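Notes follow once the structure below has been shown.
Quick note: the coordinates plus some simple rules give every number you see, no bench work behind them. This one's a predicted model, so the numbers in the text were calculated from it and none came from an experiment. Every residue, glycine among them, receives a Cβ derived from its backbone with ideal geometry; neighbour counts consider all protein chains shown.
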Amino acid sequence: MSTVCLIGNSHVANLKRALPAVQAQFPQLQTIFFASEGTSMELDIVDGGLVGRTEPARARMAMTSGGDGAIRPVYDAYVLCGLTLSSIRAIKTYYATMKELRAAGRAHAASVLDIAEGMAPAIVGSLAFDIAAKLRRLTVAPIFVIATPLSAYERHPEMWARFEAKDAVGLLAEAYHRACEKAAKDIDAVFVPQPAQTIGPNPLTTKPQFYTLTPEETAAERAQHAHMNPEFGAIVLRDVLGRVVAALDARAGRREPTAM
C-alpha cells in the first residue's frame with residue numbers, strides 16, 4: 001500500500017470530509033492529513049522534516065495527523081491544498097502589471113505571458129509553493145499542488161464586472177494557469193487545476209451548486225474566498241488521487257527491468 005500525505009488549511013479539511021465517499025475507489029492508497037488554520041502553516045525544515053513555526057500550528061498538525069505533527073520524507077506522494085495559493089491574489093496583480101507595461105509602451109500588446117509573469121510573485125510566494133519547495137529538498141516523491149477553490153462570483157461582482165468590460169477574464173484565467181504550472185514545474189511538482197465540471201461560465205469562478213452557503217449568504221460573507229461543499233471535495237479528491245496513482249504506477253513501471 002502506498003501512503004499519501006495531504007497538507008493544507010481549511011480547504012484540505014474539505015478533502016478529508018470527502019474521503020469516505022472516495023476511499024473505496026483507491027484501496028491501494030493510505031492517506032494522512034496535516035492541517036492548520038488559515039495562514040498558520042508556515043513550516044521550517046528541522047531534523048530532516050517539516051515542522052510548524054508556531055506552537056499552535058504544531059499542535060494542530062499533531063492533532064490532524066494523529067502523530068507528533070512533523071511531516072517527514074517517508075510518504076510515497078504529497079498533496080498540498082489551499083495554503084494561500086489563490087487566483088484572487090494572483091488576479092489582483094493585473095493592474096500593477098498593466099501599469100508597468102504602459103510605462104514601457106507595451107500595454108496595447110499585453111500577452112498571456114506578460115500577465116503570468118506579473119502573477120508569479122503572488123503564486124511562488126504562497127505557502128503552498130513555499131512548502132512544496134521545502135519538501136522537494138527532502139524527497140523525490142511526487143508532489144501535487146491544488147489551489148484554493150476558484151472564487152464565488154457573488155463574492156466579487158464589481159471586480160468581475162470590470163474585467164468583463166475589458167474582455168480580460170479569459171486572458172487572466174490562462175495566465176493564472178500558466179503561472180501555476182511554471183511554478184510547479186520549476187520545483188519538479190505538478191499543479192492540479194480545478195476540475196472542469198466545477199467551474200462556472202466565468203472560468204475563474206466555481207459553480208454555485210458547490211458553495212457551502214447559498215449564493216446570497218456567500219455574497220454577504222466577509223471573506224476573500226469561499227468554502228465549498230463535500231460534493232466539491234469529493235470531485236477534487238478523486239481527481240488528485242487518480243493522478244497520484246498514475247504517477248506512482250509510472251514510477252513503478254520505470255523501475256521494472258525491461259523484458260528481453
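Any idea how far apart E55 and R102 come out in nm if each label point goes 7 Å out from Cα toward Cβ?
5.0
Determine, from the Cβ-Cβ distance of Q197 and V46 and an R0 of 41 Å, the FRET efficiency 1/(1 + (r/R0)^6), rounded to the nearest 0.05.
Working: r = 40 Å, r/R0 = 0.99.
The value I calculate is 0.50.
Where in the stretch 101-145 is the amide nitrogen less than 14 Å from a point lying 7 Å along the Cα-to-Cβ axis of R251?
135-145
Of (i) 159; (ii) 207; (iii) 176, which is the value of volume of the Cα convex hull per residue in Å³ derived from the coordinates here?
Answer label, from the structure shown: (i).
Normalising by the residue count of the stretch 134-260, find the relative contact order in percent from Cα pairs under 8 Å and 6+ residues apart. Let's see the in-between values first.
Numbers: 116 pairs, mean separation 42.1, N = 127.
Normalised by residue count, the contact order of the stretch 134-260 is 33 percent.
So how do 55-66, 214-225, 128-139 stack up, highest first, on mean other-Cβ count within 10 Å?
Working: 55-66: 16.2, 214-225: 13.1, 128-139: 19.6.
Ranking the peptides 55-66, 214-225, 128-139 by packing returns 128-139, 55-66, 214-225.
Round to a whole angstrom and tell me the spacing of the C-alpha centers of the stretch 21-67 and the stretch 1-18.
8
Got a sec? Charge dipole of the stretch 23-112, +1 on Cβ for Lys and Arg, -1 for Asp and Glu; which of T39, T93, L29 is way out at the positive end?
Selected residue: T93.
Where in the chain are the helices, taken as whole DSSP H runs, whose Cα atoms extend 20 angstrom or more along the long axis and whose Kyte-Doolittle mean reaches at least -1.0?
169-185, 230-255
In whole angstrom, how far apart do the alpha carbon centroids of the stretch 118-163 and the stretch 71-115 sit?
The stretch 118-163 and the stretch 71-115 have Cα centres separated by 8 Å.
Using a simple charge model, +1 on the beta-carbon of Lys and Arg, -1 on the beta-carbon of Asp and Glu, nothing else, what dipole does the chain show about its Cα centre, in debye to the nearest 20? Don't skip to the answer; put the middle values down first.
On the way: 27 positive and 26 negative charges, 70 e Å.
Using Cβ point charges on Lys, Arg, Asp and Glu, the chain gives about 340 debye.
Which entries in the list K92/K207; K92/K185; K16/K207; K16/K166 go over 30 Å, if you measure between the two C-alpha atoms of each? Write out the running numbers ahead of the final one.
Values: K92/K207 21 Å; K92/K185 23 Å; K16/K207 21 Å; K16/K166 39 Å.
Violating the 30 Å limit, Cα to Cα: K16/K166.
Evaluate the relative contact order of the stretch 2-255 (contact order divided by residue number), counting alpha-carbon pairs under 8 angstrom at least 6 apart; express in whole percent.
21
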